Amino acid sequence: MKTKEPINILLIEDEVYDVRRVRNTLRPFADRLHIVDVVSDGWEALKRLEKDSAKFDVVIMDFQISGGLIGENLIRRIKEVDASGEQVYIDDEERQQRIAKTQEDISKICK
């Protein structure tokens, strides 16, 4: 049986609790999903992507993080660095719904 390559993730999240929640959400899919790096602000995320965007297949980011470069501005900058990369956004208002939906979507991807 041919083994699929894992999906490598850059997680942009500034709250330790939420990093833990994302890790726990992805845990059932650990054989297919790998959080390669966790950064807590947009500027650091851009540095990592500019250094080696091919290292990451997906960016999961909190829409409202600390550090000045956030939300739509961060999304725009990430797309400038790697227009082909996939992005998942987490917003406080929809956090619970998105986590549930993300888990459902991941189940479909990993089949």
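Values computed for the structure shown
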read-out	value
Verdict on Arg27 being touching a residue at least 60 places away in the same chain (Cβ under 8 Å) and surrounded by fewer than 18 Cβ atoms within 10 Å (Cβ to Cβ)	no
Count - residues of region 10-21 that are closer than 23 Å to Asp52 by Cα and either in contact (Cβ under 8 Å) with a residue 60 or more places away in the chain or among the hydroxyl-bearing types (Ser, Thr, Tyr) (or both)	2
Counted residues, region 26-85 - those being of a type in the set (Gly, Ala, Ser) and either at pLDDT 85 or above or part of a helix (DSSP H, G or I) (or both)	7
Qualifying positions in region 31-59 - over 20 Å from Gly71 (Cα atoms) and in contact (Cβ under 8 Å) with a residue 12 or more places away in the chain	Asp31, Arg32, Leu33, His34, Ile35, Val36, Lys55
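The values are calculated or read from the model by the stated rules, or taken from the named source; none is laboratory data. The model shown is predicted, which means the values in this text are computed figures rather than measured ones. Don't worry about glycine lacking a Cβ; one is built from the backbone with ideal geometry, like all the others, and counts go over all protein chains shown.
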